[in-house]
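A short write-up of the structure that comes next.
The values are calculated or read from the model by the stated rules, or taken from the named source; none is laboratory data. None of the values given here were measured: they were computed from a predicted structure. Every residue, glycine among them, receives a Cβ derived from its backbone with ideal geometry; neighbour counts consider all protein chains shown. Heavy atoms of the whole protein, side chains included, go into the accessibility calculation; ligands, DNA and RNA do not. Shrake-Rupley method; radii C 1.70, N 1.55, O 1.52, S 1.80 Å.
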Amino acid sequence: MREVTKTFVLTRFDPDQDEAPRTQEYKVPVREDWKVLDAINFIKDEIDPSVSHRWSCRMAVCGSCGMMVNGEPKLTCKTALSDYGDRVEIEPLANFPIVRDLVVELEGFMDKFKSVKPWIVRAKQKAAEEGTYRQSTEELSAFKQFSMCINCMLCYSACPVVANEPEFIGPAAIALGHRYNMDSRDEGASERNQRFREEGTVFSCSYANECSEVCPKDVDPAAAVNQAKFNAVIDWAKGLVMPKGGS
Amino acid sequence: MSAIDLYRHDIIIVGGGGAGLRAAIAAAEADPSQSIALVSKVYPMRSHTVSAEGGAAAVARADDTLEMHGYDTVKGSDFLGDQHVIEYFVEEAPKELTLLEHWGLPFSRNEDGTVATRAFGGMTTKRTWYAADKIGFHMLHTLFQTSLKYDNIVRYDEHFVSKLLIANDGSCRGVAAHDIRTGEMKAIIGKAVMLTTGGGGKIFPFTTNGMIKTGDGMALAYREGVPLKDMEFVQYHPTGLPGTGILITEATRGEGGYLTNKDGERFLVERDYGVGSKAELGPRDMISRAIVQEIEAGRGLSGPYGDYVNLDLRHLGEAKIDERLPFVRLLGRTYVGVDPVKDPLPIRPVVHYMMGGVDTDIDCATQLSGLYAAGETACVSLNGANRLGSNSLTECLVFGARGARHMTQYAKSIGQIDDKALVEQAKAEADRIDQLRGRQKGGEKLSEIRRKLNEAMESGCGVYRQQDTMKACLQDVSQLRGRVADLQLTDPSRVFNTEVIAALELANMVDVAEALAASALSRKESRGAHTCKDYPHRDDQNYLYHTMCTFSPSGPVIGKKDVTLGHWEPEERKY
């Protein structure tokens, strides 16, 4: 298989040693079918074992290996190197604090994510003995797309609102909250809509649509944000008419 | 000695995949007042459960019975599964999948809104519940998201457990956990510990497994004297993409896909490979052997990553592929440049799953008091010598939940824990890792040793095995143990030092590999996934037992454990 040498410019940062992130260059013999992640793994295994990055499944489903590739957020295991020239810059995902090298801090997201109650809320839990719910194909397709989020964080890196307002709850958290609101088995929409009406949530979105453009799983978080926005308003209006929060 | 922080919980779960998350939820529900630590070396949603594609098995249809699911599983196991375990499993399976449905898993549906099921290898009827071809992803995320609602589940994300902590009375009462982000060692102490860390497919070079599957839980238990059971049984999935080993689900065949050779022949139909009329829906061990034989007979195709055969889905049509198998289409296009709507996918058998693991009883309890295990890490003896596709996700649920309920009861019976010995062990661990980190000295390169290990395992413990190559494999692996002790590590940082984690993982891999090779060498018959050319037949007279491999400083010690038979008598396994 054909091989070409490419230069990789990696962000390096060790908070114990460095005051600010720096860069380091590596020359790598790249096979024509390699993904970006293959080159980073080659550097780690064969050139410089001190490079730190996250990865696992290498099949675009675990969501670990998101990084900036030439300035764009990419899932590196899914991104072909043949699409790039002979110099490739790899940085940690934008809009997150850097832990080390290409590893970013996810704790902020984990808190935001939990705040939308991403689970089925029911007044009364159904027992296993009662069997499964029925769900029509239409009911399934109302939320299925939004359930495909792998939490890879590319959308937070691309989002201009996150860049300016780090407390913005962000595309993935909204998409996943909305996913449960749209699930016919769920009864928690009013609680989540209340959350969505708080500051720094759906109404902070500026419709840039960047999130949907970078999503590697076609979740279309921008559509989720728009639908969530609409539903949060309707829910609020219902609350005015029916003080108990509507039916 | 290093200073360490102490954390106390009632029970501790190590591993945040399907089994660990199900266990955490079951424990939280069994006793809302108990505190549950969930410790994982990755964020739980990165766990390798995420990559399962085809589905999860449980009786659902009117034309199906528990008896049939039980028999299929026993026969699939080549009669090495424990029948009381299998009976319990098939009975609990529908309840567990129903709970997942209640928790929001987006199962694919029939027209009437009921959950749809599909055909799978070795299963007599459609009993595999699915969500297009991403069941593992949805199961993992549904479990993880559901776990977030329990405040008594306390997560330790990105913490690597390097040792079990053993009290003076010999029972397991905690774990030494290395915080990957800070490099600090934590002593996490509790009344019981469950291992749910998955298998160790990464000891092989060509595997569907992700980078994180390094057999950690198996090695942790093994080093404390707990036997690993039936380790010789390694499942080769028939259909992996050449080069990367990326999994192409059995659901491709469940939905009607064909396996063809270079002449376009459906060789499973044309020749007798023991699968009978099941053809492409035979069990995985038989189909993997058939593919290897086709290739060895010169009827394979050759590519840049070796010989392969074809998986032909074209006759299913674009609409069905997009509805049922969209991920397969994406994987084909992205990783081998083949659109299965237009061309057959190149595939070859690939290491996928370990039937063996930490020996447990039906309650998931090990021989070490206070230590439990569930999921692929464990060997509860559901799968015997060959697992049926789509039984393992359900196994994670059924036994994760049962083990958690049992350990909750066990924990209540344990009084005050004397921390002293536990803290000393954790401190010693902290010192050990401090000395390892960036130590410079040592002459061995980590990636080189890992490659050597991979080569040894592939040459000795592949689809077909021989006594002499297994012997050589065991010798090579044993020799690598010494070389792992002499690794050169260059990264001195305490923060997110993935080099030191890789070194700890490699030591785990060597332990697991050695146990596997020694177990394989000891079984002089062919059963399920263990096919020994020198002994081509199953030998119930001499080998109808579980292999028990126990650690000793001078090498693995092999013992036996009875198989629990029941009303399904061992018979010739023919389909």
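List pairs: first residue in region B:272-300 and farther than 17 Å from B:ILE248 by Cβ, second residue open to solvent by 30 Å² or more (accessible area, probe 1.4 Å) and part of a helix (DSSP H, G or I) anywhere in the structure, Cβ distance under 8 angstrom, at least six positions apart or on different chains.
B:TYR273/B:ARG289; B:TYR273/B:GLN293; B:VAL275/B:LEU281; B:ALA279/B:VAL269
Here's the yes/no breakdown for (1) aliphatic (A, V, I, L, M); (2) within 13 Å of chain B (Cβ to nearest Cβ); (3) open to solvent by less than 60 Å² (accessible area, probe 1.4 Å):
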residue: A:VAL104; (1), (2), (3): yes, yes, yes
residue: A:LYS117; (1), (2), (3): no, yes, no
residue: A:LYS124; (1), (2), (3): no, yes, no
residue: A:PHE146; (1), (2), (3): no, yes, yes
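Just checking, which of A:VAL161, A:VAL241 is farther than 24 Å from B:PHE107 by Cβ and open to solvent by 30 Å² or more (accessible area, probe 1.4 Å)?
None of the others qualify; the one that does is A:VAL241.
So B:ARG451 clears everything in (1) farther than 30 Å from B:ILE248 by Cα; (2) among the basic types (Lys, Arg); (3) within 23 Å of the chain's Cα centre (by Cα) except one condition, right? Which one?
(1)
Under the condition of being of a type outside the set (Phe, Trp, Tyr) and open to solvent by 20 Å² or more (accessible area, probe 1.4 Å), which residue from region A:72-86 is nearest to B:LEU330 (Cα to Cα)?
Applying the filter and picking the extreme gives A:LYS78.
Which of (1) within 10 Å of chain B (Cβ to nearest Cβ); (2) buried (at least 18 other Cβ atoms within 10 Å of the Cβ); (3) outside any loop (DSSP other than H, G, I, E, B); (4) touching a Lys or Arg at 6+ places or on another chain (Cβ under 9 Å) is the odd one out, the single condition A:PHE42 does not satisfy?
A:PHE42 satisfies every listed condition except (4).
Determine whether A:PHE196 is aromatic (Phe, Trp, Tyr), open to solvent by 40 Å² or more (accessible area, probe 1.4 Å), over 26 Å from A:GLY71 (Cα atoms) and in the same structural domain as A:LYS114 (by TED's automatic domain parsing).
For A:PHE196, the condition - aromatic (Phe, Trp, Tyr), open to solvent by 40 Å² or more (accessible area, probe 1.4 Å), over 26 Å from A:GLY71 (Cα atoms) and in the same structural domain as A:LYS114 (by TED's automatic domain parsing) - is not met.
Could you list, in sequence order, the residues of region B:159-176 that are open to solvent by less than 10 Å² (accessible area, probe 1.4 Å) and either touching a Phe, Trp or Tyr at 6+ places or on another chain (Cβ under 6 Å) or assigned to a loop (DSSP other than H, G, I, E, B) (or both)?
Passing the criteria: only B:SER171.
Among the residues of region A:191-202, is there at least one that is among the hydrophobic types (A, V, I, L, M, F, W, C), closer than 28 Å to B:ASP133 by Cα and more than 10 Å from chain B (Cβ to nearest Cβ)?
Scanning region A:191-202, I find no residue that is among the hydrophobic types (A, V, I, L, M, F, W, C), closer than 28 Å to B:ASP133 by Cα and more than 10 Å from chain B (Cβ to nearest Cβ), so the answer is no.
In region A:130-144, which residues are more than 7 Å from chain B (Cβ to nearest Cβ) and open to solvent by 40 Å² or more (accessible area, probe 1.4 Å)?
Across region A:130-144, the qualifying residues are A:GLU130, A:GLU138, A:GLU139, A:SER141.
Take A:SER212 and tell me if it is of a type in the set (Gly, Ala, Ser), part of a helix (DSSP H, G or I) and either in contact with a Leu (Cβ under 8 Å, 6 or more places away or on another chain) or more than 29 Å from A:LYS74 (Cβ to Cβ) (or both).
no
Quick check, is B:LYS149 without any contact (Cβ under 8 Å) to a residue 40 or more places away in the chain and either open to solvent by 10 Å² or more (accessible area, probe 1.4 Å) or not in a strand (DSSP E or B) (or both)?
Yes: the conditions hold for B:LYS149.
For region A:60-76: of the residues being in contact with a helix residue (DSSP H, G or I) (Cβ under 6 Å, 6 or more places away or on another chain) and part of a loop (DSSP other than H, G, I, E, B), which is farthest from the other protein chains (Cβ to nearest Cβ)?
By that ranking, first place goes to A:THR76.
Only one of these is under 25 Å from B:ALA517 (Cβ atoms), at pLDDT 95 or above and surrounded by fewer than 18 Cβ atoms within 10 Å (Cβ to Cβ): B:ARG451, B:ARG432. Name it.
None of the other options fit; the residue is B:ARG451.
Consider region A:1-20. How many of its residues are among the β-branched types (Val, Ile, Thr) and within 30 Å of the chain's Cα centre (by Cα)?
Final tally of qualifying residues: 3.
Tell me, which residue of region A:1-25 that is open to solvent by 70 Å² or more (accessible area, probe 1.4 Å) and not in a strand (DSSP E or B) is nearest to A:GLY71 (Cα to Cα)?
A:PRO21
Are any residues in region A:148-160 more than 8 Å from every other protein chain (Cβ to nearest Cβ) and at positive phi, and if so, which ones?
A:MET153
Could you list, in sequence order, the residues of region B:454-500 that are within 14 Å of another protein chain (Cβ to nearest Cβ), surrounded by fewer than 20 Cβ atoms within 10 Å (Cβ to Cβ) and in a helix (DSSP H, G or I)?
The one that is within 14 Å of another protein chain (Cβ to nearest Cβ), surrounded by fewer than 20 Cβ atoms within 10 Å (Cβ to Cβ) and in a helix (DSSP H, G or I): B:ASN454.
Anything in region B:108-122 that is more than 8 Å from every other protein chain (Cβ to nearest Cβ) and either assigned to a strand (DSSP E or B) or open to solvent by less than 10 Å² (accessible area, probe 1.4 Å) (or both)? List them, or say none.
Within region B:108-122, B:ALA116, B:THR117, B:ARG118, B:PHE120, B:GLY121, B:GLY122 meet the criteria.
Here is a list: B:THR182, B:THR214, B:THR249, B:THR197. Which entry is surrounded by fewer than 24 Cβ atoms within 10 Å (Cβ to Cβ), of a type in the set (S, T, N, Q) and part of a loop (DSSP other than H, G, I, E, B)?
B:THR182
Looking at region B:39-49, which of its residues are touching a Lys or Arg at 6+ places or on another chain (Cβ under 9 Å) and within 13 Å of chain A (Cβ to nearest Cβ)?
If the condition is that a residue be touching a Lys or Arg at 6+ places or on another chain (Cβ under 9 Å) and within 13 Å of chain A (Cβ to nearest Cβ), then B:SER40, B:VAL42, B:TYR43, B:PRO44, B:ARG46, B:HIS48 are the ones that fit.
Would you point out which residue out of A:VAL28, A:VAL69, A:VAL61 is surrounded by fewer than 23 Cβ atoms within 10 Å (Cβ to Cβ), at pLDDT 95 or above and within 17 Å of the chain's Cα centre (by Cα)?
So the residue among A:VAL28, A:VAL69, A:VAL61 that is surrounded by fewer than 23 Cβ atoms within 10 Å (Cβ to Cβ), at pLDDT 95 or above and within 17 Å of the chain's Cα centre (by Cα) is A:VAL69.
If B:ILE135 satisfies every condition in (1) buried (at least 24 other Cβ atoms within 10 Å of the Cβ); (2) more than 24 Å from the chain's Cα centre (by Cα) but one, which is the exception?
Unmet condition: (2).
For region B:358-388: of the residues being in contact with a helix residue (DSSP H, G or I) (Cβ under 6 Å, 6 or more places away or on another chain) and within 27 Å of B:THR124 (Cα to Cα), which is surrounded by the fewest Cβ atoms within 10 Å (Cβ to Cβ)?
By that ranking, first place goes to B:ILE362.
Across region B:108-134, what is the total count of residues that are touching a Ser or Thr at 6+ places or on another chain (Cβ under 9 Å) and under 23 Å from B:SER77 (Cα atoms)?
Summing the residues that are touching a Ser or Thr at 6+ places or on another chain (Cβ under 9 Å) and under 23 Å from B:SER77 (Cα atoms) in region B:108-134 gives 13.
Any residue at all in region B:325-348 that's open to solvent by 10 Å² or more (accessible area, probe 1.4 Å) and within 20 Å of the chain's Cα centre (by Cα)?
Yes.
Among the residues of region B:228-246, which ones are open to solvent by 10 Å² or more (accessible area, probe 1.4 Å) and either of a type in the set (Val, Ile, Thr) or within 14 Å of chain A (Cβ to nearest Cβ) (or both)?
Selection gives B:PRO242, B:GLY243, B:THR244.
What residue, of B:ARG333, B:ARG348, B:ARG329, B:ARG387, is closer than 22 Å to B:ARG284 by Cα and within 14 Å of chain A (Cβ to nearest Cβ)?
Exactly one residue qualifies, and that residue is B:ARG329.
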